[in-house]
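Following: one structure in structure tokens, then a few remarks.
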Amino acid sequence: YDHYNEKSDGFFGTQAAAGGGGGGGGRREERPASRERAESRREEPRADEDRDRRRVEEPKRSREDDEERKKREEERRAEREKERRAKEEEMRRREDELQRRRDEKRRREDEERRKVDDERRRQREEDDRRRRDDQDRRRREDQERSQHMSAQKQKEEMSRKAEEEKRKEDEANALKQQKATLSVLRTLQKMSNATPENFDDVNTEFENMLTTDLPNTGPQQETLKAESKRVRDYAKQYVEQLREQQRKAQEAKEQEERRKEESEKTARSLLEQLDKLISVAEEAAEKARSNAEPLQEGHELNDTEVVRIALAVERAGKTAMMECSSCADFLLQKRPIMEQAEHIQEEVMSSLTLLQPRVKVAAQMAGEALHRSSLEKDKVAQKVVPGMREKRLKAELARIDKDGDGYISRAEIISYAKDDFGFEIPEESLGRICRQMIKPGNPGVKYEAFQLLKRAIGIAREEARCRVLRKIRLEKERREAEEAQRRRELVDAKHEEWKEPIAEMSKTLEDIGPKLTEYEESAQKLSNEAGELTTSQLRQGANALTELCAPSRAALDDISKRLDEMLKLMVELPELADRMMQDATSLRSKKDMHDARLRAVEGVAANGRQLAMHKAFAEKESVRMEVAAKLRVCIEAQGGSPENLFEAIKPDGLMDVEDIKSYLSKHNCVVETEKLEAIFPPPPPEEGQDKSAEGKAEENVGAPKARRL
């Protein structure tokens with residue numbers, strides 16, 4: 001619509017410019033306000049229609065706008081230059097016009113006289129020529145008749161020879177086509193069975209087949225060509241998938257090598273750390289042993305010296321035992337990591353075999369030093385401590401024996417276990433202790449059995465703790481077993497649930513395969529015939545191809561969605577992946593291959609629609625330029641300019657297609673009505689509008705149409 005308005009402004013002029021000029025024309029009456037409102041109401045639906053059409057055509061014409069704009073600018077410059085020259089030459093033409101008309105009148109009179117004389121002379125010459133032609137024709141007919149008889153005989157003889165040669169040639173061609181077809185089929189079989197190792201050789205043979213054997217297959221060439229393309233595309237995709245799998249396997253292998261190297265490095269580093277820890281433990285054990293040497297049997301040290309040395313040995317021994325314990329803990333925690341280095345496992349095991357005895361020797365050395373110091377301390381303690389121990393034991397027994405009868409009763413045992421051990425002793429354990437340690441007739445446990453009582457209460461506490469831990473462990477194992485059973489049942493249920501969808505998807509993909517071959521043949525046919533089809537035929541063919549592919553596209557989209565759900569489920573349930581991964585991989589591969597083929601067909605349909613739109617635009621533009629050129633020729637033949645075309649067609653400013661057609665016919669320029677209607681389509685009738693309103697609206701339809709032109 002913008003294009004038409006710009007043409008109207010620059011080429012034919014506007015109604016205002018035509019009516020408001022000062023060059024000798026009459027004054028144009030202004031339209032009444034009611035008529036302008038009626039025209040604006042009638043133009044609103046057309047403006048809406050134009051806006052809709054612009055939105056549809058804008059993407060198509062965006063690439064041509066720059067060129068069109070440059071072209072309009074050049075036309076405008078040319079028009080301005082032409083107007084300037086026209087004004088300069090206007091006076092000269094007016095002065096020459098009268099002289100030209102007088103000369104023209106004299107020329108026409110002379111021409112008429114010459115025409116009469118020429119006509120008479122031509123008539124005489126025509127009669128003589130007819131007589132000569134008749135004589136020559138009869139002679140030629142006689143000659144041709146005799147030549148025809150001899151030529152007929154020669155032609156029959158040549159025809160027999162040609163038929164014989166053609167028969168032999170057809171037999172040779174049939175044999176050649178058969179051999180070429182068999183060669184093509186063998187090559188296709190090789191290509192369909194190609195592997196990554198021999199694909200390059202098979203592809204080279206395939207290329208040679210396309211240039212040598214395929215052109216000799218005769219009527220089957222197009223079918224075999226399409227099949228060759230399909231087989232090669234499938235083989236390429238299959239080989240690429242295999243190569244991708246090999247690449248992933250190689251990456252996994254390299255990753256495993258890196259993991260082995262890292263595990264070896266980690267194992268060696270851990271062995272070095274263990275060696276350092278053992279060295280530290282050995283140094284601490286050696287220090288404890290050297291500190292304990294003065295405590296050898298037969299020493300003459302006093303008790304104070306013995307206690308001082310024993311304390312020093314105890315500190316060094318505890319340090320050594322802690323270091324040995326650290327070595328043991330390190331070995332317990334890091335040994336599985338070191339054993340993961342399988343390729344140096346023998347070296348690791350031999351190193352551990354050498355290091356473990358060192359830890360044992362260091363621990364034994366520290367233990368001996370601690371034992372020696374403990375013995376010496378005990379000797380000193382036997383001299384000094386008995387009185388203190390007896391006093392401390394009596395105070396403790398007095399605290400426990402609340403009634404002071406010299407026995408620890410059942411109630412006092414319960415209170416002692418709760419206060420000193422923080423433990424509610426079970427009735428079963430309490431009964432066992434009382435049966436074992438309270439003699440008949442005694443109210444409780446004697447003081448002499450107090451140490452045994454402490455051990456018995458400690459054993460009872462450990463038994464209760466073990467019972468609680470066992471109960472917790474059994475409950476945990478029960479929950480884990482139930483969870484494992486529930487998970488197995490869930491995996492089995494999901495596997496059974498997906499069996500039918502997997503079979504259904506596999507069958508759907510198998511059914512889509514032959515359909516894709518049919519789609520590809522239709523797409524190939526549409527591509528081959530696109531240059532010969534009309535716009536409507538091309539558009540219909542592209543739409544039909546899209547509709548043909550729609551069911552398969554919906555099926556593939558549904559399969560893709562279901563495969564995504566399957567993959568998500570396998571991520572959530574890894575146990576299910578072991579059962580379904582092979583089916584999922586196979587279905588994904590087939591779906592991707594079918595999807596690639598279907599996308600190629602859909603691309604052909606989209607290109608067909610695009611080509612149809614370009615053809616329609618080119619046809620309409622050609623018609624528009626044809627009508628514009630004829631109108632310009634007509635107005636210039638009258639001695640007018642394109643700016644005055646609007647008034648020349650319909651002075652009252654209201655015109656339609658018939659007015660334009662009548663104007664062209666008046667100047668011997670014929671344009672088909674279909675072309676004019678294509679440029680000036682009638683506006684769609686408004687809903688609810690009666691016939692009288694439609695009739696009134698049709699009266700002024702010409703004006704906006706002319707402006708679009």
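When the Cα positions of ALA596, PRO45, THR187 are compared along the charge dipole of the chain, PRO45 comes out farthest toward the positive end, with charges on each C-beta of Lys, Arg, Asp and Glu. Couplings 3J(HN,Hα) of segment 171-182, computed from phi: 5, 5, 5, 4, 5, 5, 5, 5, 4, 4, 5, 4 Hz, in residue order, whole Hz [Karplus 6.51 cos²θ - 1.76 cosθ + 1.60, θ = phi - 60°; x for Gly and Pro]. Dipole of the chain computed with +1 at Lys/Arg Cβ and -1 at Asp/Glu Cβ about the Cα centre; of ASN203, MET321, MET505, farthest Cα towards the positive end is MET321. Taken one residue at a time, the phi angles of segment 452-462 give Karplus couplings (6.51, -1.76, 1.60, θ = phi - 60°) of 4, 5, 4, 5, 5, 5, x, 5, 5, 5, 5 Hz. Gly and Pro are set to x. Within the shell of other residues whose beta carbon sits under 12 angstrom from the beta carbon of GLN241, the net charge comes to +3, with Lys and Arg scored +1 and Asp and Glu -1.
Separation of segment 477-526 from segment 531-549 is 35 Å, based on Cα centroids. Charged neighbours of PRO357, selected by a Cβ distance under 15 Å, balance to 0 (K, R count +1; D, E count -1). With K and R counted +1 and D and E -1, the other residues having a Cβ less than 13 Å from that of GLU532 yield a net charge of +1.
Close amide H pairs (under 5 Å, H built 1.01 Å from N) link LEU573 with no residue at least 5 positions away or on another chain. A simple rule links phi to the HN-Hα coupling: the Karplus curve 6.51 cos²θ - 1.76 cosθ + 1.60 with θ = phi - 60°, which for segment 219-236 gives x, 7, 4, 5, 5, 5, 5, 5, 5, 4, 4, 5, 5, 5, 4, 5, 5, 4 Hz, with x for Gly and Pro.
Which value, in debye to the nearest 20, describes the size of the charge dipole of segment 471-599 about its Cα centre when Lys and Arg Cβ atoms bear +1, Asp and Glu Cβ atoms bear -1, and nothing else is charged? Intermediate values should be presented prior to the final figure.
Numbers: 24 positive and 29 negative charges, 93 e Å.
Roughly 440 debye, rounded to the nearest 20.
Please sort 435-447, 357-369 by packing, taking for each peptide the average over its residues of neighbouring beta carbons within 10 angstrom, highest first.
Values: 435-447: 13.7, 357-369: 18.8.
Listed from highest to lowest mean packing, they are 357-369, 435-447.
Holding the Cα-Cα limit at 27 Å, pick out from LYS318/LYS418; LYS236/LYS591; LYS179/LYS507; LYS568/LYS591; LYS115/LYS630; LYS591/LYS615 the pairs that are longer than that.
Numbers: LYS318/LYS418 32 Å; LYS236/LYS591 15 Å; LYS179/LYS507 36 Å; LYS568/LYS591 18 Å; LYS115/LYS630 31 Å; LYS591/LYS615 36 Å.
Table pairs above 27 Å Cα-Cα are LYS318/LYS418; LYS179/LYS507; LYS115/LYS630; LYS591/LYS615.
Highest-first packing order for the peptide set 94-107, 205-218 is 205-218, 94-107, based on the mean count of other beta carbon atoms within 10 Å.
Helices in the chain, meaning DSSP H runs of at least 4 residues, each add -39500 (n - 2.57). Divided by all residues, the mean residue ellipticity at 222 nm is -30500 deg cm²/dmol. Note on LYS439: lysines with a C-alpha under 23 Å away, same-chain residues under 8 apart excluded, are LYS394, LYS402, LYS454.
Going down the list LYS166/LYS229; LYS276/LYS334; LYS515/LYS620; LYS71/LYS620, which pairs span over 26 Å between their C-alpha atoms?
Details: LYS166/LYS229 33 Å; LYS276/LYS334 14 Å; LYS515/LYS620 38 Å; LYS71/LYS620 18 Å.
With Cα atoms farther than 26 Å apart: LYS166/LYS229; LYS515/LYS620.
By average Cβ neighbour count within 10 Å, what is the ranking of 486-496, 111-121, 306-316 from highest down?
Result, highest mean first: 306-316, 486-496, 111-121.
Could you please state how large a percent of the accessible area of segment 617-659 is carbon and sulfur, counting protein chains only and using a 1.4 Å probe?
Numbers: 1150 of 2010 Å².
That share works out to 57 percent.
Charges at C-beta only: +1 for Lys and Arg, -1 for Asp and Glu. How large is the resulting dipole of the chain about its Cα centre, in Debye rounded to 20? Walk me through the numbers before you get to the answer.
Numbers: 149 positive and 160 negative charges, 90 e Å.
Using only the charged Cβ atoms, the result is roughly 440 debye.
Straight-line reach from LYS161: taking Cα to Cα under 18 Å and skipping same-chain neighbours fewer than 8 places apart, the lysines in range are LYS153. Hydrodynamic analysis of the chain uses the Kirkwood radius over alpha carbon pairs. Inserted into Stokes-Einstein at 10 °C and 1.306 mPa s, it gives a translational diffusion coefficient of 38 µm²/s.
The values are calculated or read from the model by the stated rules, or taken from the named source; none is laboratory data. Bear in mind the structure is a predicted one, so any value in this text is a computation, not a measurement. Backbone-built Cβ (ideal geometry, glycine too); neighbour counts: all protein chains shown. Protein only, heavy atoms only, side chains kept; ligands, DNA and RNA dropped before computing areas. Shrake-Rupley method; radii C 1.70, N 1.55, O 1.52, S 1.80 Å.
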